[in-house]
Amino acid sequence: MGWLSREPAKLQDVSEKKSLPSGVWEKCPSCSEIVLISDLEENHLVCPTCNYHHRLPGEQRIELLIDNNTFFEWDHTLCSNDPLQSDDGRPYKDRLKNMIKKTSKYDAVITGAGLLNNRPVALGVLDFFWMGGSMGSVVGERINRMFARARRNNMPVILVSSSGGARMQEGLLSLMQMAKTSAAIALHREASLPFISIMCDPTTGGVAASFAMLGDINYAEPKSTIGFAGRRVIENIIRQKLPDNFQTAEFCFEHGVLDKIVKRQEMKEILARTLNILCEPLPKNKQKN
Ligand SMILES: [Zn+2]
């Protein structure tokens, strides 16, 4: 239950819920069905009634995609030293300290390697619950190093995004990570190694405008918000009303930005099949029947 309660914005306070023991039930924000939290967890935080995909913490994403007990994390102690001594009403240093204490993680992306249906892959997962999954210098550096290690070890890269974009507390240093991660992907491509990007809710700002949209294959979870600037900003600039489904995964798919929208429960299988097409075949004794 601990990790589910980390998303208060999604957990709406409703009158029906007040009579129910807290922490046992959840009201789906999409279909309003009351769902047992244990059922939601079993279903990888996808509503069993309407298929609404709740945001998934990074560790659960790794459990979902990587074979049991095969994930090895890289660079997890890499930590921002607050180069701009930023203070937006609360010192950035304090924000970092608080997040590290709360999550035992030093920044918003987890990178490492593991087996996906017996195939070695490098995997990066942005965690929206860590400062909105925002990209500062540590996120950019970890992603950069992940691509470098994957290249040295001849591994494909899968990168799962769930991020509001560049981290404002690190200013230009955050924006520089867009170029740095894009360059890392270009080197990976030169080595003829595949990169699959998975966009989850939300994938916006500097993350959408750099590595998230640069996959050889781009997948997304249903109904994810995907875009660069916000709807209101764009409407004000172009002085037009945008369609209701603007910046959804479905809208992006219709307009050729995505290769496929994949349900969370099917993601591992689809990734395995995609890698079987893009990579060398696994030795016979490692192939899954
Ligand atoms: Zn629902």
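The values are calculated or read from the model by the stated rules, or taken from the named source; none is laboratory data. Remember, predicted model here, so these are calculated numbers, not experimental data. Note that each Cβ is placed from the backbone with ideal geometry, even for glycine, and that neighbours are counted across all protein chains shown.
Summary table below
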| item | result |
| --- | --- |
| Qualifying residue in the stretch 72-81 (condition: at pLDDT 90 or above and farther than 29 Å from MET199 by Cβ) | yes |
| Members of the stretch 215-240 that are acidic (Asp, Glu) and part of a helix (DSSP H, G or I) | GLU235 |
| The one condition in (1) under 21 Å from VAL157 (Cβ atoms); (2) in contact with a Phe, Trp or Tyr (Cβ under 8 Å, 6 or more places away or on another chain) that PRO243 fails to fulfil | (1) |
| Pick from the stretch 3-39, criterion farther than 26 Å from SER104 by Cα, in a helix (DSSP H, G or I) and modelled with pLDDT under 90, ranking: farthest from the ligand (Cβ to nearest atom) | LYS18 |
| Complete set of residues in the stretch 45-69 that are part of a loop (DSSP other than H, G, I, E, B) and more than 13 Å from the ligand (Cβ to nearest atom) | ARG55, LEU56, PRO57, ILE66, ASP67, ASN68, ASN69 |
| Single unsatisfied condition, GLU42 versus (1) out of contact with any Lys or Arg (no Cβ under 9 Å at 6 or more places or on another chain); (2) over 23 Å from MET131 (Cα atoms); (3) more than 16 Å from the ligand (Cβ to nearest atom) | (3) |
| Residue within the stretch 265-276 that is surrounded by 15 or more Cβ atoms within 10 Å (Cβ to Cβ), touching a Lys or Arg at 6+ places or on another chain (Cβ under 6 Å) and assigned by TED's automatic domain parsing to the domain that holds LEU65 present | yes |
| Test for GLU221: is it in contact with a Lys or Arg (Cβ under 9 Å, 6 or more places away or on another chain) and buried (at least 19 other Cβ atoms within 10 Å of the Cβ) | yes |
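Yes/no matrix, rows are residues, columns are (1) farther than 19 Å from LEU278 by Cα; (2) surrounded by fewer than 23 Cβ atoms within 10 Å (Cβ to Cβ); (3) at pLDDT 95 or above:
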| site | (1), (2), (3) |
| --- | --- |
| ALA122 | no, no, yes |
| GLY133 | yes, no, yes |
| ASN153 | no, yes, yes |
| ALA183 | yes, yes, yes |
| ARG189 | no, yes, yes |
| MET199 | yes, no, yes |
| THR204 | yes, no, yes |
| VAL207 | yes, no, yes |
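Conditions (1) in contact (Cβ under 8 Å) with a residue 60 or more places away in the chain; (2) part of a strand (DSSP E or B), marked per residue:
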{"position": "GLY124", "(1), (2)": "no, yes"}
{"position": "ILE143", "(1), (2)": "yes, no"}
{"position": "GLN177", "(1), (2)": "no, no"}
{"position": "ALA183", "(1), (2)": "no, no"}
{"position": "SER192", "(1), (2)": "no, no"}
{"position": "ILE198", "(1), (2)": "yes, yes"}
